[in-house]
């Protein structure tokens, strides 16, 4: 498998297969939303679009980075979201990096959104699809976020070497700037458990696939058969 690791700004073509990585916290939150029963997640281009979608669909749940804000129902925190009942609901998500990265590759034939919590399922799906070329989009800090790069490199390695150990990659993520800022309360809309939840390896058994539906980028969980199935 030929891999490349790019920042959002470095995307100069439409990749065939793209894995968009945002560990802290967009795609950890997305995975928790599905675990709490969400049917789908609409990735919004802007806060205004998120609010407009919410206005047209009052039953949808609007979620954003940072502190609570009028019109939004939730913040981008796995620690806060894990106690919310989202059974059958649609979530509209707008974040600083993760959703931007997914929208940047929306024309790709396969778009996966990932963090450590769905790493094995993501790697397994890449193996099943026999992807020859995969672009990993490192969303945080203009492509320099070590937690995202570590996760991307782990998934890439795991897709071809199933005995790859995650410990060193998780240590890098745990020592990242994002982890420190979350732990120290530098960022807003944070739960004390957020870092630990973002570093839970393979917490969920599904991958997350984003596709264009009626001009919206929609993320859904995708069950991935285990090797023993």
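Here are the numbers for this structure:
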read-out	value
The range 138-229: projected area of the alpha-carbon convex hull, averaged over directions, in nm²	8.0
Proxy reagent accessibility, fewest Cβ within 10 Å first, across 116, 136	136, 116
The chain: calculated mean residue ellipticity at 222 nm from DSSP helix runs of at least 4, using -39500 (n - 2.57)	-9500 deg cm²/dmol
Debye intensity ratio in log₁₀ form over the Cα atoms of the range 1-70, taken at each q of 0.12, 0.15, 0.22 Å⁻¹	-0.46, -0.69, -1.14
Alpha-carbon Rg with Dmax, taken over the range 71-118, Å	12.8, 34
Using alpha carbons only: equivalent-ellipsoid semi-axes of the range 55-164, gyration tensor based, whole Å	29, 15, 15
Residue 4 paired with residue 130, simple spin-label distance in nm, labels 7 Å along Cα-to-beta-carbon	2.4
Efficiency of FRET between residue 167 and residue 213 - r from beta-carbon atoms, R0 30 angstrom, step 0.05	0.20
Förster radius 25 Å - calculated FRET efficiency between residue 196 and residue 56 (Cβ-Cβ, nearest 0.05)	0.10
Span per principal axis, largest first, for the Cα atoms of the range 71-228 (Å)	41, 40, 32
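Only the coordinates and a few stated rules stand behind these numbers; no lab work does. Bear in mind that the values here come from a model prediction, so they are computed numbers and not experimental data. For neighbour counting, all protein chains shown are included, and Cβ atoms are generated from backbone atoms with ideal geometry for every residue, glycine included.
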